[in-house]
Amino acid sequence: MPDAAPDHYAALYTDATAVLTDWTATSPAAGAARDRTLELLTAGPVALSRGHRAGHVTASALVLDGSGERVLLCLHGKFRKWVQLGGHCEPGDRTLATAALREAAEESGIAGLVVDPDPIDVDIHPVSCQGGSLHYDVRFAVLAPPGATERVSDESEALGWFRPDRLPEPLADGTVQLLAPALARRAGSGRAQR
């Protein structure tokens, strides 16, 4: 599928630049990844497009259940590891937080998810997009409504709720680093949006 023209990402580009510039990193590694992501964004809105070979910004979500005692992970269909939900930004996305929320809703089948608009992490990792690229992944905490029931999407083999002290294997690199900031954000009951 051909990617949209870079100008279709203009609003998202403005949001991404502002959010990352103002964000207080949750760890030194996240701060370094944020700085590298801001450097990538100097290329302009094209850096949000999956067609940008040097790498592109993505958005993901660690979904917490209503009690904050479990997280929802998916067994990714392509690389067969348990990961948080998320993926590529789309031309209609206006903010990184709503891109993460859209991805979480699409991949979990859960209605009524609520996203905290402040990132909990930024991570950069290699992917097979465009024959080899990097994902500059901005990550958010998302809260599921009480009694939420997940539904497996085309992108995953399975979905499951897990206690933070009993995560499944094999777990993708970088997923475990989301737990502490997500749980801290949940405990602090930060701002959230639907």
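The values are calculated or read from the model by the stated rules, or taken from the named source; none is laboratory data. Quantities reported herein were computed from a predicted structural model and do not represent experimental measurements. All Cβ positions, even for glycine, are placed from backbone atoms using ideal geometry, and neighbour counts span all protein chains on display. Ligands, DNA and RNA are stripped out before the accessible areas are found, and what is left, the full protein with its side chains, is counted by its heavy atoms. Shrake-Rupley method; radii C 1.70, N 1.55, O 1.52, S 1.80 Å.
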*asked:* Scan the range 114-137 and tell me whether some residue there is assigned to a loop (DSSP other than H, G, I, E, B), over 12 Å from the mean Cα position of the chain (by Cα) and surrounded by 20 or more Cβ atoms within 10 Å (Cβ to Cβ).
replied: no
*Options His88, His56; residue that is closer than 21 Å to Ala172 by Cα, of a type outside the set (A, V, I, L, M, F, W, C), in contact with a His (Cβ under 9 Å, 6 or more places away or on another chain) and crowded, with 23+ Cβ neighbours inside 10 Å*: His56
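From the list Glu150, Glu103, pick out the single residue that is touching a residue at least 24 places away in the same chain (Cβ under 8 Å), open to solvent by less than 70 Å² (accessible area, probe 1.4 Å) and either in a loop (DSSP other than H, G, I, E, B) or under 20 Å from Arg36 (Cα atoms) (or both). Can you show your working first?
On the way: Glu103 fails: either in a loop (DSSP other than H, G, I, E, B) or under 20 Å from Arg36 (Cα atoms) (or both).
Among Glu150, Glu103, only Glu150 is touching a residue at least 24 places away in the same chain (Cβ under 8 Å), open to solvent by less than 70 Å² (accessible area, probe 1.4 Å) and either in a loop (DSSP other than H, G, I, E, B) or under 20 Å from Arg36 (Cα atoms) (or both).
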*asked:* Going by what's in this entry, would Arg80 be described as open to solvent by 10 Å² or more (accessible area, probe 1.4 Å) and at positive phi?
replied: yes
*asked:* Any residue in the range 173-192 that is over 18 Å from Ser67 (Cβ atoms) and aromatic (Phe, Trp, Tyr) sitting within a Cβ distance under 6 Å of a residue that is surrounded by 11 or more Cβ atoms within 10 Å (Cβ to Cβ) and modelled with pLDDT of 90 or more? List the pairs, counting only those 6 or more apart or interchain.
replied: none
_the range 66-100, residues that are of a type in the set (D, E, K, R) and either over 19 Å from Pro181 (Cα atoms) or at pLDDT below 95 (or both)_ = Glu69, Lys78, Arg80, Lys81, Glu90, Asp93, Arg94
*Any chance you could count how many residues in the range 153-169 are modelled with pLDDT of 90 or more and open to solvent by 70 Å² or more (accessible area, probe 1.4 Å)?*
4
